[in-house]
Amino acid sequence: MNDQESPLHIQSNSVSSASDEVIRRVAQLKVEINRANTLYYIENAPEIDDAEWDARMQELLALEATYPELQTPDSPTQRIGSAPASGFKEVIHRLPMLSLGNVFDEAGLRDWYQHALDFLEIDHAPMVCELKIDGLAIAITYKNGVLDRAATRGDGIRGEDVTANVRTIRSVPLKLNGDVPSELELRGEVFLPNSKFASLNLEREQAGLPAYVNPRNSASGSLRQLDSTETAKRPLDMYFYSLGYVENTVEPTSHREALSAIKEWGGRVNEWTRKAETVKEVMTAIANASVIRDTLDYGIDGVVIKINSLILQKRLGFVGRDPRWAVAFKFPAEQAETTLRAIHINVGRTGALTPWAKLEPVMVGGVTVGRATLHNKDEITRKDLREGDRIIVQRAGDVIPQIVGISSKNKRSSNSTPYQFPNACPSCQAITIQTEDEAVTRCVNGACMAQFERLLEHYASRGAMDIEGLGERVSQDLPRLGFVTNIADLYRLRDRRNDLIKIDKMGETRVDNLLQAIESSRSQSLPRLLFALGISGIGSESAEWIAHRFGSLTAVTKATREELLAIDGIGPTVASTLVEYCALEQNQKLITDLIELGINPLDQTPKPADDHPANGMLFVITGRLEMMSRVEAQDQIKERGGKVTSSVTKKTDYLVTGAEPGSKLDKAQRIGIHIIDEDQFSALINKDIVPAKPKT
């Protein structure tokens, strides 16, 4: 093609439709550039040099500018990035992006594996080992094979839409190959190669910007740029590690098959992945990962072990936000020596006085550490930590910095004295207490300003009511300036907009965004509200259990200790704490105010049908079941409103028997309990046949 014929010279203001020749040329260029990208970024086997690649890209850009109708979402030109966005939209994951539980030694690994086998009631389950890359988890959705959306993990339920930025990562295919499901989600880890980290920081320093502290931090920062043209300048990379949501297709039966499918579709998977039949083989893989760790061009902080069978994964399910079918083996924490400059006390939302250490900044595992947790008063005494000591610090689980102990090189001055834990609250000066059954020292002054500020910050946090803009500083300013005295006052702030604008560093835009976020929080779920109230012992999991049991905020406040104890997972301490919280006059007023202000969500979890034959029935299970484990059978019963106990009594309605039943069968026959086998149990659960009328 000579210069006269080149599409580069077609006038950009042309209004005529593209000719067949131009359409064919655009299609050809897309194929050639996408192939070149795959060979270079995924297979490490380039066929053309940079000059040839640039020439093709410039030609395609010119053609798409002239004929915009030829530009498609899977075009390689769409990696260049777009103008700054106003913010990231929220994405609800079709399937939760679960976190992983951690183990740190072979004993912990064996416990995890045995628990999985016990749950399934089997003797063996093959596993897969993968490098735990220290990056940012991403879920990418393809529709009809074309990249449609990319989202961060977020809190596991909700993430941020970073589609424009992920499009700029050249190892991420914009279009998948072959026979691909109509809708498919692939999950993976975005990271910045170690070899690119130093040059990126040099560029930032030359531009007068602060340097990133480690590659993971830079990957996260790069992917969360509002201007995707900036992300496009960062040399981000990615490996896919699993399937997420898959629509209308026969899914692979194993994790290894899923990885093979991802690779066939054009996704990049890590070739190190190992299969393992035993824990011993897993430990061999972990030892290998530890040896090669420093030779890799990306950071790893451990190895992820997964049960290979996807069928078994679904049966295992998850507990809380951790899958039972996977665990992370974390490498030993890195340690460093530094000076303990000072010990400070933080007052938490429940009045707990938590000490923390200000340190001489030191690099630990690629991160600059300037502070560390000290846990509680007893921890300081046990380790005899004093200001000015040389100490050893490590990142626990490679995340939370903690002080291991005093360095062997420490030399104390003659006037060094043991640290004296304060007897009064640093915020309100009220006397503190420490009960015999707690290691925590508490301020019991309900009017303590520091407690309320922490509570306000917790209430607004992402896992609670998710009020963006109500962070640490604003949570301090609002109470101190008299805008809020309790949580309910947040929902009255819209009447004080003009006063809020006058707060230092706020302004109209920030105030309007904050007020909108507060209004949006009205639609949060009941479990989130219960967690947000900051009741001691009520975490996100227990809040869900309680919400599902009682269904409304009003019903929760009227719950008795006995009703709470009847909920699986709720113990005496939490039950008593919640009853005591609801009995306090100030908390009753808060809840009344919230309800009057419209903050009164109902639990939307489907309740067991009253007419289900298992509802209200008491079951005992004995023997080995063939179609499911006993734990799975128990879950089926509970989901339908039934209860399960371990002992046969006259109150038992059904005894479910499997192979080799024990003495429970004899007792059930003796006292006249209705006995059903596994097939009858399945029929009862599915409401196909009620095998026997329960005794009255």
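Only the coordinates and a few stated rules stand behind these numbers; no lab work does. For clarity, every value in this text was computed on a predicted model and none was experimentally measured. Cβ atoms come from the backbone with ideal geometry, glycine included; neighbour counts cover every protein chain shown.
Structure data summary
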| read-out | value |
| --- | --- |
| Taking CYS443, CYS582 and counting other C-beta atoms within 10 Å, the order from fewest to most | CYS582, CYS443 |
| Amide H contacts under 5 Å for GLY405, placed H, 5+ residues apart | ILE392 |
| Listed residues ILE675, THR649, PRO661: farthest to the positive end of the dipole of the stretch 618-685 (Cβ charges) | THR649 |
| Sequence-separation-based contact order of the stretch 214-279, relative, with Cα cut under 8 Å and 6+ spacing, percent | 27 |
| Long-range amide H partners of ILE467 with built H, under 5 Å | SER461 |
| GluC sites (Glu not before Pro) within the stretch 418-462, DSSP loop, no more than 14 other Cβ atoms inside 10 Å | GLU436, GLU438 |
| Relative contact order, percent, the chain [alpha-carbon distance under 8 Å, six or more residues apart] | 9 |
| Simple Cβ-charge dipole of the stretch 558-644, Lys/Arg +1 and Asp/Glu -1, about Cα centre, in debye nearest 20 | 280 |
| Relative packing of 277-283, 150-156, 405-411, which averages over residues the other C-beta atoms within 10 Å, highest first | 150-156, 277-283, 405-411 |
| Cross-link pairs beyond the 29 Å C-alpha cut-off, checked among LYS358/LYS409; LYS306/LYS383; LYS651/LYS687; LYS314/LYS638 | LYS306/LYS383 |
| Assigned charges on the beta-carbon of Lys, Arg, Asp, Glu; the chain dipole about Cα centre (debye) | 1980 |
| Charge dipole (debye, nearest 20) of the stretch 526-596; +1 at Cβ of Lys and Arg, -1 at Cβ of Asp and Glu | 40 |
| Interchain or long-range residues, amide H under 5 Å from ASN270's placed H | PHE240 |
| Karplus (6.51, -1.76, 1.60) ³J(HN,Hα), θ = phi - 60°, over the stretch 55-64, in Hz, Gly and Pro reported as x | 5, 5, 5, 5, 5, 5, 4, 5, 5, 5 |
| Residues SER552, SER19, SER475, sorted so that the one with the fewest Cβ neighbours within 10 Å comes first | SER19, SER552, SER475 |
| Inter-label distance, nm, simple model (7 Å from Cα along the C-beta direction), LYS280/SER414 | 6.2 |
| Descending principal axes extents, the stretch 101-330, alpha-carbon based, whole Å | 59, 41, 30 |
| Extension gain, LYS558 back to ASN498 (0.36 nm per residue minus Cα-Cα distance, nm) | 17.7 nm |
| Estimated vicinal HN-Hα couplings, Hz - the stretch 134-145 in sequence order (Karplus 6.51, -1.76, 1.60; Gly, Pro = x) | 8, x, 10, 6, 9, 10, 10, 9, 10, 10, 6, x |
| In the stretch 333-380, the GluC sites (Glu not before Pro) that fall in loop regions by DSSP, at most 15 other Cβ within 10 Å | GLU334 |
| Residue-by-residue Karplus 3J(HN,Hα) for the stretch 481-490, coefficients 6.51, -1.76, 1.60, Hz, glycine and proline x | 9, x, 7, 9, 10, 8, 4, 4, 4, 4 |
| With eigenvalues of the C-alpha gyration tensor scaled by 5 and rooted, the stretch 335-433, Å | 24, 17, 10 |
| Relative contact order of the stretch 526-596, pairs being alpha-carbon contacts under 8 Å that are 6 or more residues apart, as % | 28 |
